[in-house]
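Asker: Sharing a structure, written as structure tokens. Questions coming.
Only the coordinates and a few stated rules stand behind these numbers; no lab work does. Predicted, not measured: the structure shown is a model, and the values here were computed from it. Neighbour counts are summed over all protein chains in view; Cβ atoms, including those assigned to glycine, are modelled from backbone coordinates with ideal geometry.
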Amino acid sequence: MTDTGSLAFAAELRLARAAGRGDDAAFEAVYRQHLPGVLRTARWLLETGDVDDVVQDAFLRVWSRLSQYRGEAPLGAWVRRVAVTVILRHRQRERRRLGAHAGPAELEQLVATGARQPLERVALEAAIGRLPPGAREVFVLTQVEGYSHVEVAAMLGIAESTSRSQLRRARALLRAQLHATGEERNDPGL
């Protein structure tokens, strides 16, 4: 790690520790820094009406667990992991409440580098939104959030092979949707 990277990591660790000890200003800094990423993920994985409440719950969980953060991973990755856990638990509760099928939900995530132009990005976002829930979940968690198939399988309670097949399914469906709209590109992520 470079000296600049080491300094940034040390500053992040100090900020997290201060927030974990109850420093409101430090937690506000953590919140402001990581809110956009958590919101983006929540918007992909949840119904629109649930996003704000679940993001608030996620940050309450982050707040209550910051004292457990040990700096073994970047703070942003740790915050996203906590948030994804809250989001997935919320989805499971909603499925049970609505009596929906208990199978793994499919999530998709916008690949930040996938769309170079605003119209391409809109087409990709719309295509991801049309994916079946399970494929969307796996796509978002692996391609956007950067989790491995082993981690996704553990988070969603599915086999690693199911995670891999859901990703293949998501990519095929996205290619077909984007091809039908004329927006397909040579994108290795799809």
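Asker: At R0 = 22 Å, how high is the FRET efficiency between R61 and R14 if r is their beta carbon distance? Nearest 0.05 is fine. List each step's numbers first, then the result.
Answerer: Working: r = 21 Å, r/R0 = 0.98.
After rounding, the FRET efficiency stands at 0.55.
Asker: Here is a further query. Viscosity 0.890 mPa s, temperature 25 °C: Stokes-Einstein D of the range 1-93 from its Kirkwood Cα radius, in µm² per second? Provide the component values of the computation, followed by the final result.
Answerer: Values: Rh = 13.6 Å.
Here the translational diffusion coefficient equals 180 µm²/s.
Asker: Follow-up. Order of 63-76, 17-30, 34-47 by packing, highest average Cβ count within 10 Å first? Walk me through the intermediate numbers first.
Answerer: Values: 63-76: 14.0, 17-30: 15.7, 34-47: 18.6.
For the peptides 63-76, 17-30, 34-47, the packing ranking is 34-47, 17-30, 63-76.
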